[in-house]
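Enquirer: First, the structure itself, so that you have it in front of you.
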């Protein structure tokens, strides 16, 4: 029986970036060449069933996410484009399939954006139907802050404790934050290049037990992102 092959390059690339690893590192994990990974990611080579299974086992991912994701994403986009606002768009299912193959992340983003749009539309319609006022989220937030006199003990007190602890540390602040992440959460702080971060400033990778921060940020921004992650871990 012939071995099944699939073209899922963009999804492999997205997985690799989410893991925060290079093509060379993934190639080493899967016992193939880095050039082969590059060809797969560009859909110049299909990925075999055997390699797909090896990838799923190495990174603890569900093979079904590669097999079924395209069909689901295409259907979600098709549902979105059935909205009257897209009546004259002239986009076919083949067009959607091409988009999903070339850029699955964009496909998912468009589908999520449309779902958010529909949810907000339903909320407005329900509010109007019940005779309620349309809530301005910004004004609602301002009223909440004013009501609490800009004081939130659940956040302020742990934040002050973290600030005191970091202030007692010797050396650079970023080194102190890295030490806290390592000692208290068993997480390694790493500064990674933008091609791995894929435009993200910060990423929490539970699989590799690390916090990745983009090297494109200046020192102050790196410190901010690192401290923000500490706060999310300890106060979130």
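The values are calculated or read from the model by the stated rules, or taken from the named source; none is laboratory data. Everything numeric in this text was worked out from a predicted model, so none of it was measured. Positions of Cβ are backbone-derived with ideal geometry, glycine not excepted, and every protein chain shown enters the neighbour counts.
Enquirer: Go over the candidates 132, 199 one by one and state the one that is within 29 Å of residue 22 (Cβ to Cβ), at pLDDT below 90 and either outside any helix (DSSP H, G or I) or under 21 Å from the mean Cα position of the chain (by Cα) (or both).
Expert: Among 132, 199, only 199 is within 29 Å of residue 22 (Cβ to Cβ), at pLDDT below 90 and either outside any helix (DSSP H, G or I) or under 21 Å from the mean Cα position of the chain (by Cα) (or both).
Enquirer: Which ones in segment 209-225 are more than 13 Å from residue 192 (Cα to Cα) and surrounded by 14 or more Cβ atoms within 10 Å (Cβ to Cβ)?
Expert: Result: 221, 223, 224, 225.
Enquirer: State which residue is nearest to residue 14 (Cα to Cα) when the search covers only segment 202-222 and only residues that are without any contact (Cβ under 8 Å) to a residue 24 or more places away in the chain and outside any loop (DSSP other than H, G, I, E, B).
Expert: Here the residue is 214.
Enquirer: Right, here's the next one. Using the structure shown, decide if residue 186 is surrounded by 10 or more Cβ atoms within 10 Å (Cβ to Cβ) and either farther than 30 Å from residue 23 by Cα or at pLDDT 80 or above (or both). Working first, answer last.
Expert: Details: surrounded by 10 or more Cβ atoms within 10 Å (Cβ to Cβ): no; either farther than 30 Å from residue 23 by Cα or at pLDDT 80 or above (or both): yes.
When the stated conditions are applied, residue 186 does not pass them.
Enquirer: While we're here: Of all residues in segment 183-196, which are assigned to a loop (DSSP other than H, G, I, E, B) and under 25 Å from residue 38 (Cα atoms)?
Expert: Passing the criteria: only 193.
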